[in-house]
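Written out below as structure tokens is the structure these notes cover.
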Amino acid sequence: MWRPWSFPFQMMQKHPLAIRWFHWLNFPLLSLMIWSGLLIYWANDAFFAFPDWFYKRANLEFRLSDGMQYHFLFMWLFAINGVAYVTYTALSGEWRALIPGRGAFAQAFQVVLHDLGIRKEPLPVAKYNAAQQFAYTGVVLMGLGSLVTGLAIYRPVQLGFLHALVGGYQNARTIHFLLTVSYVGFFLVHIAQVVRAGWSNFQAMVTGHE
Ligand code: HEM
């Protein structure tokens, strides 16, 4: 909950400790998942995604077994952290600030107009604006998508029912890859917005208050 602290500080309690831990654990874990995923992907560049020099420069070549070991270790930590975050967000009521509500599409459009400098009036004050709500809820759903498609690739026989859900092995692989590319897209926009929002907004994700 976003609640004002008492006089004399005039500070806002913005992010609970648990959310900050989940958030900052997620960053290195996701980075490790992407890096180890690339070690695996090198062995079968099915989507012709990267040129040879990229694999060479990033030291990704001939490390398939390293990649698999890291990927299948860190996936558990990534999954546990994600499930803990979603459970906490659901039980604590923090989801109210995060899930887009009625009229969120129209509000998100206003945020885009504002960010482009077309809308001059200030946006309504809220912990997250509608565009952030879509982005943050979306990235959590992407995490779920990565887990489901990853498990479908990891255990194609034992977890065959997941294949039916995602439309087969090849589909699972394609979605798994596209989700990874989308994390990079999310990350670039997220960082740009964090820089734009300023130091105290960033600080609040570290100390909890703004
Ligand atoms: C250097 C890396 C990162 C920095 C500096 C950063 C910074 C921040 C900041 C400052 C906020 C609060 C935004 C606000 O109050 O307006 C935030 C929220 C959030 N970030 Fe990041 N972030 C990083 C990486 C990531 C990554 C990799 C993801 C996921 C792929 C992510 C997902 C989220 C989500 C879902 C929230 C909302 C959390 C909630 O309140 O439940 N962040 N981030």
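How high is the relative contact order of the stretch 100-198, in percent, with contacts defined as C-alpha pairs under 8 Å that are six or more residues apart?
Numbers: 61 pairs, mean separation 20.9, N = 99.
Across the stretch 100-198, relative contact order equals 21 percent.
Averaging over all projection directions, find the projected area of the Cα convex hull of the stretch 100-198 and quote it in nm² with one decimal place.
Details: hull surface 31.4 nm².
Mean orientational projected area (the stretch 100-198, Cα hull): 7.9 nm².
Could you grab the Rg to Rh ratio for the chain? Cα atoms only, Kirkwood for Rh.
Dividing the radius of gyration by the Kirkwood radius yields 1.02.
Give the lysines whose C-alpha is closer than 30 Å to that of LYS14, dropping any in the same chain fewer than 8 places away, or say none.
Candidates past the 8-residue exclusion: LYS120, LYS127.
Nearest 500 deg cm²/dmol is fine: what mean residue ellipticity at 222 nm does the chain get from its DSSP H runs of n ≥ 4 alone, each adding -39,500 (n - 2.57), divided by its residue count?
Values: 9 runs with 147 residues, N = 210.
Here the helix-only value at 222 nm equals -23500 deg cm²/dmol.
Once the Cβ-Cβ distance between PHE50 and GLU121 is put in as r, and R0 is 41 Å, what FRET efficiency do you end up with, to the nearest 0.05?
Details: r = 44 Å, r/R0 = 1.08.
For PHE50 and GLU121, the calculated efficiency is 0.40.
Throughout, read-outs are computed from the coordinates displayed, never taken from laboratory work. Keep in mind the model is a prediction, meaning the values are calculated, not measured. Positions of Cβ are backbone-derived with ideal geometry, glycine not excepted, and every protein chain shown enters the neighbour counts.
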